Amino acid sequence: MYLGGYGIDNLSLMALTISTGFVVDDAIVVIENISRYREQGMAPFEAAVRGAREIGFTVISISVSLIAVFIPILLMSGIIGRLFREFAVTLSAAIVVSLVISLTTTPMMCAKLLRPDDPASHGRLYAATEAVFEWMLNNYRKSLSWVLRHPRPTLAVALATVAVNIWLFIIIPKGFFPQQDTGRLMGAIEADQDTSFQAMRQRLSQFVEVIEHDPAVDNIIAFTGSGGNANTVNSARMYVGLKPFSQRKISADLVIARLRKKTARIPGATMYLQATQDLRIGGRSSNAQYQYTLQGQDLKELNQWAPRLLAKLRTIRQIADVNSDQQDNGLGADLVIDRDTAARMGISTQLIDETLYDAFGQRQVSTMYTRLNQYHVVMEVAPQFWQNPASLSQIYVRSSSGSEIPLSTFTHYAPSNSALEVNHQGQFPAVTLSFNLAPGVALGDAVDLIDAAEREIHLPGDIHGSFAGTAQAFQASLANEEMLILTALAAVYIVLGILYESYIHPITILSTLPSAGIGALLALMLCGMELTVIALIGIILLIGIVKKNAILMIDFALEAERKRGMSSVDAIYQACILRFRPIMMTTMAALLGGLPLAIGAGTGSELRRPLGIAIVGGLIVSQVLTLYTTPVIYLYLDHFRLWCLGVFGREAGAHATAGAD
């Protein structure tokens, strides 16, 4: 992490937390194999040498294929790729170090620190835990024998997991990043476009008074205008600090829902609140968390259709706080000059303009210097004359002859509507509609509803609508989810194919993955969570974790077939029984490594929890299924391999005979 320039943050801490369950896997496999030979009567040194040599390739296969899972994450583009590259590099480095330690230091420590096995030295705790393990092993031995005698139902279950996995992936609500409760809220206030600064300040005080009396609110900072999206006098910003969760007892989203009802009673302005997030992708400022932007070449046509879509979106119950940055209805006063009359009085247009700027333009006319500071003197009329255009009749213009003539003598004003601002995206005028999600609604569902609303109002072809900011980043990540998973599978298949020099055995190993996907997706749905980018990273990690069970079985089965001449059925049966203990131990270690993330609390824990839940749920389901599906799939694929060898072997023999003739 130091060499990569990484610091301790949410992503690197997630990687370190998860790595506690990963890095011990290699050592568990090595020590378990050494202990097995020690229990058979070997001396610690001999057991360490033989056990480490025998299991070395298995450990390398587990670690290298796990690192291969991170290749797609390392190659991800965009802001998501840059975020999770730190996560992938940190975890990969930890796995590499654990691989080296497991094949060097761990056997050395076993040879030097372990003593010859003495059954009489075991205590009550060992006897109790060993009894539980033996009970589990005996039941597994009986059930596995039945499964191997009746392989077709198990194969049907394995194939069904693939279909169920696809179905769950389709129906699960999809989101971008989990909604966090950081204890902070951001608020934007929009008043009528003809609201003056003084009136806006008064309304802002009303909102502050209502919010500060809420029992969940600790402190407030509020001000009118702020630049960015609030650069007009009819807008204001507010930052709300909430009390600790242990005191308020409800989430930030529920606080927002409660404040929304209270502030709706204040006339003349609307307040939009959103929870502050640690990760805000897109960088676009708006009154709500997600944005949808309309662009067009004709500003007049754009101003006609944007309010129609806004009205349509406000009818959708799944989204809240729908608002627009369209500011085209400000109150203006056009000053109409009677040029002939002004010319007869010796008054030029430039003189009129300078007089109006002196009154309303905040002209700096002097600077006052003191010992410690300096003060700029700004000339303008008193604030009470800003409020009504009728005050123009009290403005006097000094003519060229030196006489003061009332402005109303040669001018009159006409009220009109004027745009307070015209926003652009790129080179085209744009109107951005922003929205928040209703409690319990996924961003993916809201995106589909907004697309449907646009089609229903029959938006003209020359007006282009697209999501912006966070919503746009969500669409980009959603488009790459399937490709990311397929790329991870392809990377693992290639690595396993190189290690085993086989096309068939990597398929057997990867057959364990659908059950893990089912467990992860079901766990997310049971916990009321969406399939977010964080949860997707957890599923990708499962690809590297779950295949370990199959590697442990297949390595022993292949060795038993090739070196001991055992049949495939006997070999896989012995492999499952012999590797049952390390499989259970490594799975439990990985599960406990993800458990702190799954049940963790505290500020910002919502960002980490989907990763832990996906890993824990996937491991639980896959552990139950793969202990039975993997040996059955191994036998079917081994029969398929032998059939292919027989068919292609006969064809090769026929070609050789024809060539000889």
- line: P(r) of the range 1-125 over all Cα-Cα pairs, 5 Å bins starting at 0, rounded to whole percent, reads 2, 11, 18, 17, 14, 12, 9, 7, 6, 3, 1, 0, 0
statement: Per the 1/(1 + (r/R0)^6) rule, R0 = 56 Å and r from the Cβ atoms of His412 and Asp462, FRET efficiency to 0.05 is 0.90
query: What dipole magnitude, in Debye to the nearest 20, does the range 90-170 give about its Cα centre under +1 on Lys/Arg Cβ and -1 on Asp/Glu Cβ?
result: 220 debye
field: Residues of type aspartates and glutamates that Lys300 reaches as a straight line, Cα spacing below 15 Å, ignoring anything fewer than 8 places off in the same chain
entry: Asp328, Glu421, Asp462
- prompt: For the cross-link pairs Lys112/Lys142; Lys174/Lys547; Lys174/Lys548; Lys174/Lys249; Lys243/Lys312; Lys142/Lys174, which exceed 32 Å when the distance is taken from alpha carbon to alpha carbon?
  reply: Lys112/Lys142; Lys243/Lys312; Lys142/Lys174
statement: Relative to the chain, whose Cα atoms define the longest principal axis, helix 349-360 and its Cα axis are tilted in degrees, nearest 10, by 60 degrees
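Please give the length that would be gained between Ile250 and Thr20 if that part of the chain were fully extended, namely 0.36 nm times their separation in residues minus their C-alpha to C-alpha distance (nm, one decimal). Please list the in-between numbers first.
Values: separation 230, 0.36 × 230 = 82.80 nm, distance 3.23 nm.
Using 0.36 nm per residue and subtracting the Cα-Cα distance, I get 79.6 nm.
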Computed label-point distance, nm, for sites Thr182 and Tyr2 using a 7 Å Cα→Cβ extension: 3.0 nm
Whole-Å distance, taken between Cα centres, linking the range 359-411 and the range 98-151: 92 Å
- line: The rounded separation in angstrom of the Cα centers of the range 20-37 and the range 524-595 is 14 Å
message: Run the simple label-point estimate for Ala490 and Arg562 please: 7 Å along Cα→C-beta, distance reported in nm.
response: 2.8 nm
statement: Listed by chain and number, the aspartates and glutamates with an alpha carbon less than 15 angstrom from that of Lys262, same-chain partners under 8 positions apart left out, are Glu209, Glu212, Asp214, Asp253, Asp321
field: Amide proton proximity set for Val397, modelled H, under 5 Å, gap of 5+
entry: Ile405, Leu407
message: Could you tell me the calculated FRET efficiency between Asp340 and Thr315, based on Cβ-Cβ distance and R0 = 35 angstrom, to the nearest 0.05?
response: 0.05
query: Given charges of +1 on the Cβ of Lys and Arg and -1 on the Cβ of Asp and Glu, with all other atoms neutral, how large is the dipole of the range 212-369 about its Cα centre, in debye to the nearest 20?
result: 1060 debye
message: Tell me whether the range 539-624 comes out rounded, prolate or oblate; compute the Cα gyration tensor, take square roots of the eigenvalues as a ≥ b ≥ c, and use a/c under 1.5 as the rounded threshold.
response: prolate
- request: Compute the FRET efficiency between Ile60 and Tyr239 as 1/(1 + (r/R0)^6), taking r as their Cβ-Cβ distance and R0 = 60 Å, and round to the nearest 0.05.
  value: 0.65
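Given the C-alpha atoms of the range 280-424, compute the convex hull and give its volume per residue in Å³. Walk me through the intermediate numbers first.
Numbers: hull volume 31.6 nm³, N = 145.
It comes to 218 Å³ per residue, whole-number rounded.
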- prompt: What spacing in nm lies between the two simple spin-label points modelled at Gln198 and Ser400, each 7 Å away from Cα in the Cβ direction?
  reply: 3.8 nm
- prompt: Could you name the aspartates and glutamates in cross-link range of Lys563, using Cα to Cα under 18 Å and dropping any fewer than eight places away on the same chain?
  reply: Glu54, Glu501, Asp555, Asp638
field: Convex hull of the chain built on C-alpha atoms - directionally averaged projected area, nm²
entry: 48.0 nm²
- request: Assuming a ≥ b ≥ c are the square roots of the Cα gyration tensor eigenvalues, decide whether the range 110-199 counts as rounded (a/c under 1.5), prolate (otherwise, with a/b larger than b/c) or oblate.
  value: oblate
- request: May I ask you to derive the relative contact order of the chain, considering only C-alpha pairs under 8 Å and at least 6 residues apart, and to give it as an integer percent?
  value: 20 percent
About the Cα centre, charge dipole magnitude for the chain (Lys/Arg +1, Asp/Glu -1 at Cβ), debye: 1820 debye
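Laboratory data are not the source of any read-out in this text; all were calculated from the coordinates shown. Everything numeric in this text was worked out from a predicted model, so none of it was measured. A quick note on method: Cβ atoms are made from the backbone with ideal geometry, for glycine too, and the neighbour counts reach across all protein chains shown.
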